[in-house]
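> My questions will all concern the structure given below.
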Amino acid sequence: MSGITIGVASETAAGEKRVALTPETCKKLIARGARVRVQRGAGRSAGFTDEAYVQAGAELADDAAGATAQAEVVLCVQAPDGERLNLLREGTALVGLLQPQADAARGEAIVARKLLAFPLERLPRTTRAQAMDVLSSQAGMAGYKAVLIAGQLAPRFFPMLTTAAGTIRPSRVLIVGAGVAGLQAIATAKRLGAQVEGFDVRPETREQIESLGGKFLDLGVSAAGEGGYARQLTDEERAEQQRRLGEHLKNIDVIVCTAAVPGRPAPKIISAAMIAGMKPGSVLVDLAAETGGNCELTRPGETLDIDGVTVAGPLNLASSGAVHASEMFARNAFNFVSLFVDGGELKYDWNDELLAKTVWPERKDEAHSAAA
């Protein structure tokens, strides 16, 4: 029998449809010498049947305890709730989007159970880590879905159409933020035939935006930061940015906001005054709603009508594309776990920055052995 067990239980977060293990990655983990146990129905919402997991070599468990209580490694999309965490034995490696510092009780439970937590949102943004970068893979799905939501809410066509009733002008779409989600949004809006612009305070994104067929909106403000993210703007920069942006938005039909600063609330870019200056029938979809929103009128999980302008704050958009989002997430998770699962054993190399900088709480420079 294989030396270690990798467990996967159903997700507990409300509305979460993704799963951290697919039959494809299940096969790969078994090939690396692991035993895999999956809770019945864990992949159903993402389109993966229990039978598919069995055919891939997994064992099925009737409940979360059966899948994870004796596992040395547990994979998840979002952090399990406190009850599930308490099922895990000491020393278990927990891998997923855990956000231990966002919930004090969760962080305390991880520490109390002496779990080896690997919050994948902490993964260093390096070339070697790209194949493990769940934030990027999930942001791509979210950016795609955000534009589809905008298209559904907008009371107009996106493409230019020539009809017997006359010519329909293309919608003018502005994507705020040109990270992975923003670039996917630009590409999607362009495919739908809209006239697309991209705005980002990092000047190096111009080439990326233009390569996708978008026009770079230059407001004369640069905030290039480290690690591919934007830095916080100064008060003067923000005032100038908002003045110029407010004028520009008067002629925009659809805005999709995707701007983020790691570890901080989303920057407020679109003010109430800007929304008030937009045309009735305009739409804003705020992908940053989960971290406070890029628009100061955004309410997470709600769609509002602000004097004829629709402001939507959808949550967990990646989950709405659960099949492909799960496939990407599971591959990312497999690539990360492969750093320490080898030949049916756990081998942690704490000199590897991908492990050392992802693990939480941060570990000191001392020898650590795998959990027995």
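Here, each number is a calculation from the coordinates, and none is a lab measurement. Here the structure is a predicted model, which means the values were calculated and not measured. Note that each Cβ is placed from the backbone with ideal geometry, even for glycine, and that neighbours are counted across all protein chains shown.
> Name the residues whose placed amide hydrogens come within less than 5 Å of the amide hydrogen of Gly41, ignoring near sequence neighbours (fewer than 5 apart) on the same chain.
Asp50
> Sorted by packing (mean other beta-carbon atoms within 10 Å per residue), highest first, where do 118-127, 282-291, 102-111, 327-336 land?
282-291, 327-336, 118-127, 102-111
> Filter the cross-link list Lys215/Lys250; Lys114/Lys357; Lys145/Lys279; Lys27/Lys114; Lys114/Lys145 down to pairs whose alpha-carbon distance in this structure exceeds 27 Å.
Check vs 27 Å cut-off fails for Lys27/Lys114; Lys114/Lys145.
> Please say if the chain is rounded, prolate or oblate, where rounded means a/c under 1.5 for a ≥ b ≥ c the square roots of the C-alpha gyration tensor eigenvalues, and otherwise the choice is prolate for a/b larger than b/c and oblate otherwise?
prolate
> Right, another one. Amide H of Val309 versus every other amide H placed in the peptide plane: which residues, excluding those fewer than 5 positions away on the same chain, fall under 5 Å?
Distant-sequence amide H within range of Val309: Gly281.
> Whole-Hz ³J(HN,Hα) for each residue in the stretch 265-281, computed from phi via Karplus 6.51 cos²θ - 1.76 cosθ + 1.60 with θ = phi - 60°, x for glycine and proline: what do you get?
Coupling constants for the stretch 265-281: x, 4, x, 7, 10, 9, 8, 4, 5, 5, 4, 4, x, 7, 5, x, x Hz.
> Placing +1 on the Cβ of each Lys and Arg and -1 on the Cβ of each Asp and Glu in the chain, which of Ala273, Thr167, Ala139 has its Cα farthest towards the positive end of the resulting dipole?
The listed residue farthest towards the positive side: Thr167.
> Mind listing the phi-derived Karplus ³J(HN,Hα) values for the stretch 103-112, rounded to whole Hz, using 6.51, -1.76 and 1.60 with θ = phi - 60°, and x for any glycine or proline?
9, 4, 4, 5, x, 5, 5, 4, 5, 4
> Short version: ³J(HN,Hα) in whole Hz for each residue of the stretch 18-32, in order, from phi by Karplus 6.51 cos²θ - 1.76 cosθ + 1.60 (θ = phi - 60°), x for Gly and Pro, what are they?
Computed from phi, the couplings for the stretch 18-32 are 6, 9, 8, 9, 10, x, 4, 6, 4, 4, 5, 5, 5, 5, 8 Hz.
> How high is the relative contact order of the chain? Use alpha-carbon pairs under 8 Å, at least six apart in sequence, and give a whole percent.
18 percent
> Using helices alone, what [θ] at 222 nm do you get for the chain, with -39,500 (n - 2.57) per DSSP H run of 4 or more residues, divided over all residues and rounded to the nearest 500?
Helix contribution divided over all residues of the chain: -8500 deg cm²/dmol.
> Please give the peptides 303-315, 86-98 ranked by average Cβ packing (other Cβ atoms within 10 Å per residue), highest first, as a rough proxy for protection.
86-98, 303-315
> Could you give the size of the charge dipole of the stretch 140-315 about its Cα centre, using +1 on the Cβ of each K and R and -1 on the Cβ of each D and E, expressed in debye and rounded to the nearest 20?
460 debye
> Let me ask another. Using amide H atoms built in the peptide plane, which far-off residues or other-chain residues are under 5 Å from Glu197 H to H?
For Glu197, the qualifying residues are Val173, Leu174, Ile175, Lys215.
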